[in-house]
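A quick write-up on the structure given underneath.
Throughout, read-outs are computed from the coordinates displayed, never taken from laboratory work. In this text the structure is predicted, and so the values were computed from the model without any measurement. Methodologically, a virtual Cβ is constructed for each residue, glycine included, from the backbone with ideal geometry; neighbour enumeration extends over all protein chains shown.
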Ligand code: ASP
């Protein structure tokens, strides 16, 4: 188990009443059931547990190190993480942990462990059970990066945080859930990835964060778009468009976008809609983007598109190769 911080382990500051990160011992003391859950657990904790708003690619590399260094000694891994950026971390790890054949289950909670109605216990204990679950041949039931939260197991790179208050905080809007819990854990095996035994596990560490996410809105100004696209420090753009991947028909917009692509930037088209996919060929307002050299993000979440682009750019690939890989599913993140 890797403890990174988050509400699950937080305590209230008596003076400010704000929730603040606390060490793993306090969390463990409040879940004595962990000792009797049937799994043999060792824990690694971040030296300074964090609110996940402080999560960075550096922390993702730290998690990959911990998993890679211990890969052969454990059946599975549970990561305790704040909910705010859990979907980003789950997406990032799904790319960094290549050819994974063991479960990596992220969880956390909306209420701290010390709260009377806390959701921490159920989330944590079930995540452990899922990380240890095997099929009839003794193989891991869920050999992929997932989020377990409030009765649902979701593929990590299909997840998004959808509520700041509800205990059901995550959704998987474009892919079925992998398991549902009630009195039993019901695995939906047809949707769970099967690892290729011929491909060995490989840990990757490098991410290039020179990316910006920008959203269209009616009335968007040329100067604002130019300000973003002309920066040398921006090498990739996650472009959040309307509907099935459409943008206003403005010559200046198409010119700025195609110049940016010609200058080596990768621009990925993601819809602002919560469900559905980008189809740039469908409308003239979308086709102009296709002609400007923009890459389709298909039915990707923003979190998966962003971390996939960071990962591909981090591998030092050519713009052509990045475009090619954005158009294939490398960890189940898009439906082709
Ligand atoms: N701010 C917290 C975090 O993301 C929220 C949570 O864990 O639910 O670390």
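Is the stretch 133-260 rounded, prolate or oblate when judged by the Cα gyration tensor, a ≥ b ≥ c being the square roots of its eigenvalues, rounded requiring a/c under 1.5 and prolate requiring a/b larger than b/c?
The shape class here is prolate.
What distance in nm lies between label points placed 7 Å from Cα along the C-beta direction at residue 199 and residue 233?
Going by the 7 Å Cα→Cβ label model, 3.5 nm.
Quickly rank 222-229, 140-147 as a protection proxy: mean count of other C-beta atoms within 10 Å, highest first.
140-147, 222-229
Hey, what angle do you get for helix 302-314 against the long axis of the chain, alpha-carbon based, 0 to 90 degrees rounded to 10?
Relative to the chain, helix 302-314 is tipped by roughly 80 degrees.
Given the peptides 312-322, 30-40, arrange them by the average over their residues of other C-beta atoms within 10 Å, most packed first.
Packing order, densest peptide first, comes out as 312-322, 30-40.
Assign one of three labels to the stretch 134-182, namely rounded, prolate or oblate, based on the Cα gyration tensor with a ≥ b ≥ c the square roots of its eigenvalues; rounded applies when a/c is under 1.5, prolate when it is not and a/b is larger than b/c, and oblate otherwise.
prolate
So for the stretch 207-326, averaging the separation of alpha carbon pairs under 8 Å that are six or more residues apart and normalising by length, what relative contact order in percent results?
29 percent
Counting helices only, and only those DSSP H runs with n ≥ 4, report the 222 nm mean residue ellipticity of the chain as the sum of -39,500 (n - 2.57) divided by its residues, in deg cm²/dmol to the nearest 500.
On the way: 9 runs with 92 residues, N = 336.
Roughly -8000 deg cm²/dmol at 222 nm, from the helical runs in the chain.
Counting DSSP beta bridges in the chain, what percent are antiparallel, to the nearest 5?
Percent antiparallel among DSSP bridges in the chain is about 40.
Quick check: the distance between the Cα centres of the stretch 182-259 and the stretch 144-175, to the nearest angstrom?
The distance from the Cα centre of the stretch 182-259 to that of the stretch 144-175 comes to 19 Å.
What is the mean projected area of the alpha carbon convex hull for the stretch 32-189, to one decimal in square nanometres?
Hull-based average projected area comes out at 9.5 nm².
Once you keep just the Cα pairs under 8 angstrom separated by 6 or more residues, what percentage relative contact order results for the stretch 71-143?
About 34 percent, as a whole number.
How tilted is helix 86-96 with respect to the longest principal axis of the chain? Cα atoms for both, answer in degrees (0 to 90, nearest 10).
Result, in degrees: 80.
Answer rounded, prolate or oblate for the stretch 84-176, using the Cα gyration tensor with square roots of eigenvalues a ≥ b ≥ c: rounded when a/c is under 1.5, else prolate when a/b is larger than b/c, else oblate.
oblate
Ordered by packing density, taken as the mean number of other Cβ atoms within 10 Å over each peptide's residues, highest first, how do 326-334, 244-252, 299-307 rank?
Per-residue Cβ counts within 10 Å, averaged per peptide and sorted highest first, yield 299-307, 326-334, 244-252.
Please pull out the direction-averaged projected area of the chain, using the convex hull of its alpha-carbon atoms, in nm² to one decimal place. Could you put the intermediate results ahead of the total?
Values: hull surface 73.7 nm².
Directional mean of the projected Cα hull area for the chain stands at 18.4 nm².
Quick one: helix 251-262 against the long Cα principal axis of the chain, what's the angle to the nearest 10°, folded into 0 to 90?
70 degrees
Evaluate the relative contact order of the chain (contact order divided by residue number), counting alpha-carbon pairs under 8 angstrom at least 6 apart; express in whole percent. Each step should come with its number before you reach the end.
Details: 678 pairs, mean separation 48.8, N = 336.
The normalised contact order for the chain reaches 15 percent.
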